[in-house]
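Okay, so here's the structure we're looking at.
All of the numbers you see were taken from the coordinates with simple rules; none came from a lab. Remember, predicted model here, so these are calculated numbers, not experimental data. Note that each Cβ is placed from the backbone with ideal geometry, even for glycine, and that neighbours are counted across all protein chains shown.
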Amino acid sequence: MSYEVTVEPTGDVIEVEEGQTILDAALRQGVWLPFACGHGTCATCKVQVLEGESDLGNASPFALMDMEREEGKVLACCCTPESDMVIEADIDVDDDFAGYPVEDFVATVTEINELSPTIKGIFFELDKPMAFQAGQYINLKLPGVEGSRAFSIANKPSDASMLELHVRLVPGGAGTTYLHQQLEVGDTLDVSGPYGQFFVRKSDQQGAIFIAGGSGLSSPQSMILDMLEEGDSRPITLLQGARNLFELYNRALFENLDREFDNFTYVPALNAPEPGDDWQGFTGFVHEAAQAHFNGRFDGNKAYLCGPPPMIDAAITTLMQGRLFERDIHMERFVTAADGAEEQNRSALFKRI
Amino acid sequence: MAAKKLNIKDKYRLLTRDLDWDFSYEDRQQAFPYEEFEGIKITDWSKWEDPFRLTMDSYWKYQAEKEKKLYAIFDAFSQNNGHLNVTDPRYVNALKIFLTGISPLEYQAYQGFAHVGRQFGGVGARVACQMQSLDELRHVQTQIHAMSHYNKFFDGFQEYSHMHDRVWYLSVPRSFFCDARSAGPFEFMIAIGFSFEYVLTNLVFVPFMSGAAYNGDMATVTFGFSAQSDEARHMTLGLEVIKFLLEQHEDNVPIVQKWIDKWFWRGCRLLSVIAMMMDYMLPNKVMSWKEAWEVYFEEAGGALFKDLARYGIRMPKYAETIEKEKEHISHQAWWTFYTHGHVAGFHTWIPTDEELDWLSAQYPDTFDKYYRPLWELAKEMEAKGERFYNSGLPQLCQICQIPMLFTEMDNPNQNSMRDYLYQGERYHFCSDGCCDIFKEEPEKYVQAWLPVHQIFQGNCGGPDVGDILKDYYKMNVGHDNMDMKGSPDEARWNKWKGVA
């Protein structure tokens with residue numbers, strides 16, 4: 001049994017298991033809420049309940065006072081939902097966030113391509129157009145697979161009646177195994193979306209650096225196609241990391257864009273090229289390619305990272321050492337069953353990274 | 001989409017941050033004269049992100065409610081003679097250290113934050129510091145009120161404020177804060193706001209307050225909880241300060257690192273008194289100092305420094321020594337107080353056999369080897385009527401002002417001592433950590449007011465130690481000091497409990 005908790009003012013929706021605290025669920029699902037002590041004594045994680053029932057847990061009477069309890073305040077670190085809830089937290093709404101409503105769609109498979117030995121491109125037609133921001137994701141319901149699976153949208157928002165997804169086969173992953181091995185053209189799937197806070201901060205005038213790894217190319221592809229279509233003139237750089245030449249997919253697309261647009265630069269990087277690849281480009285991890293390309297200085301840009309957690313972590317470290325900080329780093333972590341759920345003892349220093 | 005609601009950030013901006021003003025006829029630099037002299041470069045105060053958004057009106061509302069709750073509990077504690085419910089009267093001696101050594105630091109924190117709150121050019125930082133300043137004033141007041149009940153029944157509380165300013169071992173916490181307050185405003189924030197509040201306060205409030213709960217002291221537990229609800233704001237302020245400084249300019253990174261090195265070392269030295277309170281002074285133990293250190297410093301601090309590494313900040317200097325010290329410092333500190341029990345403002349004792357066994361179990365690598373034999377010897381001597389007191393005045397470290405009681409961590413049989421010649425004078429230190437701090441700013445530390453030096457110079461009355469205790473420290477000699485065994489505290493407790 002689990003409950004849906006909507007976090008206002010951003011509208012993020014998190015799934016909270018029976019007995020799980022709101023804070024724990026939010027942090028695990030990449031939704032940041034202010035917190036400090038984590039055990040009900042400090043009140044940093046105080047939020048207002050707008051709808052729904054909950055158990056207040058072990059909140060200290062000094063951290064959550066009687067008058068606040070009467071006003072419907074709870075401490076997210078102790079509070080466990082007893083129904084679906086809507087809460088309001090002390091978090092900022094991004095001015096660039098369009099806030100398109102989440103809707104349900106029926107998607108029919110129109111095409112399945114092999115992008116690389118491990119990644120398939122899956123194209124759908126939607127029963128109605130979906131309004132979304134480039135960089136956001138959808139949830140797929142798969143037959144015989146419990147829960148839903150999240151995939152970033154790879155097509156640009158102007159192609160609103162279709163969906164392009166890049167799906168990497170995760171060893172032992174039920175969802176991606178189904179998509180790789182059983183899905184066929186003509187099949188229909190239930191889709192909901194759009195979700196997520198990963199999108200281009202267009203009101204910011206700084207240059208845009210995209211760092212993508214594996215199937216994490218999907219979001220940047222959508223974001224870059226969208227910007228170029230709109231005639232965005234800021235410098236845009238895409239750094240794409242892959243293991244070897246076979247895994248470096250959609251290379252021709254971006255090489256063509258690089259030739260066509262003066263403000264777009266494409267930097268592919270292979271960390272383990274095969275002898276047969278005859279690779280002339282950058283050899284090394286994608287964060288190393290970024291460091292080399294920008295001479296280790298990133299200030300004056302905004303960075304958008306998309307890919308597996310180790311790539312994201314390495315990229316953040318490189319960017320911060322090059323004087324680009326949290327407020328200018330945006331990311332989508334592709335966490336899969338293969339990454340496990342190892343407990344990370346994290347400090348409260350960073351909010352989102 | 002519906003119009004966006006005024007969120008908490010906007011409310012805060014309109015009600016608080018808007019209170020700033022521009023300088024039209026005065027020079028801004030002259031209005032904030034301390035902002036630059038530490039070498040810190042602030043390029044853009046608008047990048048300051050408010051660590052918490054509390055408007056003044058809600059601040060008063062919340063704090064008033066907390067006070068109401070807290071004082072209701074104090075009243076009940078007092079009416080029910082709550083002091084009779086503590087596990088053992090020895091426990092009360094930990095409170096004597098708390099009131100004389102730690103509560104006055106809250107007062108110094110109040111003064112310090114009021115000062116820096118005036119000195120920052122950014123309004124967000126100013127407002128946050130002013131609120132913290134008010135919190136600290138509230139903390140010292142509630143602590144004094146909580147302990148005033150004990151003052152009616154036990155010795156050693158009556159002159160806490162006077163004693164804080166003069167007594168030899170209380171110069172350790174006092175000088176720590178004086179050092180921070182006489183530094184520039186940014187160093188103060190790294191010293192107190194970051195190093196002390198974020199990383200080290202948890203070690204005071206969490207295990208020690210649990211200790212109070214384990215020993216039946218409801219009043220202390222309650223002021224602890226009440227203060228902790230403010231600490232969160234202090235911790236997030238400390239975090240914002242360090243992020244802000246590190247992000248503002250890369251030239252700030254080595255300066256901040258130097259302050260982290262200094263204040264973590266200073267903080268660890270200061271915490272040796274908490275270590276001793278936990279291992280020796282709480283009759284019902286919560287956890288050993290070593291265990292508390294592992295949970296609250298090594299794990300939580302380790303995660304923090306892992307994140308700070310992204311800014312180019314490394315673990316504090318001497319982290320390896322600090323790690324080894326958790327096995328030793330509580331034992332070395334309590335042994336020193338035991339052997340100087342005649343000049344302490346609280347009672348000391350030899351741990352019971354059961355407590356010695358507990359210490360052996362908690363410190364399997366060090367206690368039986370180095371410390372248990374000392375206590376067995378003390379027991380023997382006491383049984384023969386030869387209770388040992390060290391009658392000399394100890395040499396103090398020029399920086400932390402702790403007597404030279406610590407040993408080399410790789411050789412616990414060897415006292416750790418360092419010295420350094422500066423302008424023809426030789427200065428002495430307990431460790432490389434303290435010696436390095438001196439070398440960095442010798443002009444500051446040659447001015448240190450060292451209690452033992454002052455006694456020898458005749459500035460503290462005397463000439464007899466007894467006169468100094470009585471007249472200069474205002475100790476009630478024969479009541480406040482010496483062994484727990486045979487003390488008036490013990491006699492009164494036995495009378496209340498009907499024990500012969």
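Give, as ranges by residue number, the residues of region A:158-174 whose backbone N falls under 14 Å from the point 7 Å along Cα→Cβ of A:Thr110. The answer is A:158-165, whose backbone nitrogens lie closer than 14 Å to the label point. For region A:167-299, the alpha carbon convex hull comes to 165 Å³ per residue, rounded to a whole number. Sketch the reach of a paramagnetic label on B:Leu84 as a point 7 Å from Cα along Cα-to-Cβ, and name the residues of region B:140-162 whose backbone nitrogen lies under 17 Å away. The answer is B:149-154, whose backbone nitrogens lie closer than 17 Å to the label point.
With a Förster radius of 51 Å, plug the Cβ-Cβ distance of B:Asn494 and A:Gln29 into 1/(1 + (r/R0)^6) and report the FRET value to the nearest 0.05. After rounding, the FRET efficiency stands at 0.30. Taking each residue as 0.36 nm, the span from A:Ser2 to A:Asp204 lengthens on full extension beyond its C-alpha to C-alpha distance by 68.9 nm.
With the helix formula -39500 (n - 2.57) applied to DSSP H stretches of n ≥ 4, chain A reaches a computed 222 nm mean residue ellipticity of -5000 deg cm²/dmol. Counting Cβ atoms of other protein chains within 10 Å of each residue's Cβ and taking the mean over peptide B:224-231 gives 5. With both bridge residues required to lie in the protein assembly as shown, what share of the DSSP beta bridges run antiparallel, to the nearest 5%? In the protein assembly as shown, DSSP labels about 60 percent of beta bridges as antiparallel. Between A:Glu184 and B:Lys258, the simple label model (points 7 Å from Cα in the Cβ direction) yields a spacing of 7.3 nm.
By Kyte-Doolittle mean hydropathy of at least 0.0 and Cα axial length of at least 24 Å, which whole DSSP H helices of chain B are selected? Within chain B the helices that satisfy the rule are B:218-248. When each of the peptides B:197-203, B:173-179, A:107-113 is scored by how many other beta carbons lie within 10 Å of its residues on average, the order from highest to lowest is B:197-203, B:173-179, A:107-113. Protection proxy ranking of B:217-225, A:322-330, B:377-385, by the mean of other Cβ atoms within 10 Å over each peptide's residues and highest first, is B:217-225, A:322-330, B:377-385. Where only DSSP H runs of four or more residues are counted, chain B gives -16000 deg cm²/dmol as its mean residue ellipticity at 222 nm, each run worth -39500 (n - 2.57). Applying the Karplus relation 6.51 cos²θ - 1.76 cosθ + 1.60 with θ = phi - 60° to region A:30-40 yields 3J(HN,Hα) values of x, 9, 7, 10, x, 7, 9, 6, x, 9, x Hz, where x marks Gly and Pro.
Under a model in which nothing but the beta-carbon of Lys, Arg (+1) and Asp, Glu (-1) is charged, region B:381-500 shows a dipole of about 600 debye around its Cα centre.
In region A:2-88, the C-alpha radius of gyration followed by the widest Cα-Cα span (Dmax) gives 11.4, 31 angstrom. Centroid-to-centroid, using Cα positions, region A:161-226 and region B:45-108 are 52 Å apart. Among the lysines of region B:1-151, pairs at least eight places apart or on separate chains and with Cα atoms under 22 Å apart come to 5. FRET efficiency for the B:Ala114 to B:Val465 pair, using the beta carbon distance and R₀ = 45 Å, is estimated at 0.75. Relative to the dominant Cα principal axis of chain A, helix A:218-229 is inclined by about 70°.
Can I get the semi-axes of chain A's equivalent ellipsoid? Compute them from the C-alpha gyration tensor as square roots of 5 times the eigenvalues, in angstrom, largest first. Working from the Cα gyration tensor, I get semi-axes of 36, 24, 19 Å.
Restricting the calculation to alpha carbons of chain B gives Rg and Dmax of 23.6, 86 angstrom. In whole Å, how far is the Cα centre of region B:250-327 from that of region B:425-477? Computed from Cα coordinates, the inter-centre distance equals 26 Å. For chain B, a simple Cβ point-charge model (Lys and Arg +1, Asp and Glu -1, everything else neutral) yields a dipole of about 1080 debye relative to the Cα centre.
Just name one of A:Cys42, B:His331, A:Tyr178: the one whose Cα is farthest towards the positive end of the charge dipole of the protein assembly as shown (beta-carbon charges, Lys/Arg +1, Asp/Glu -1). Positive-most Cα among the choices belongs to B:His331. A simple charge model with +1 on the Cβ of Lys and Arg, -1 on the Cβ of Asp and Glu and nothing else charged puts the dipole of region B:367-426 at about 100 debye relative to its Cα centre. In this structure, the amide hydrogen of A:Leu115, modeled 1.01 Å from its nitrogen in the peptide plane, lies closer than 5 angstrom to those of A:Lys120, A:Gly121, counting only residues at least 5 positions away or on a different chain. If you find the alpha carbon centre of region B:144-164 and of region A:288-336, how far apart are they in angstrom? That distance is 56 Å.
A Stokes-Einstein calculation at 10 °C with viscosity 1.306 mPa s, built on the Kirkwood radius of the protein assembly as shown over Cα pairs, returns a diffusion coefficient of 53 µm²/s.
Between B:Met381 and B:Gln30, with labels modelled 7 Å along Cα→Cβ, what's the label distance in nm to one decimal, could you check? My value for the distance between the label points is 6.5 nm. For the listed peptides A:256-262, A:300-306, a ranking on the average number of other beta carbons within 10 Å per residue, highest first, reads A:300-306, A:256-262.
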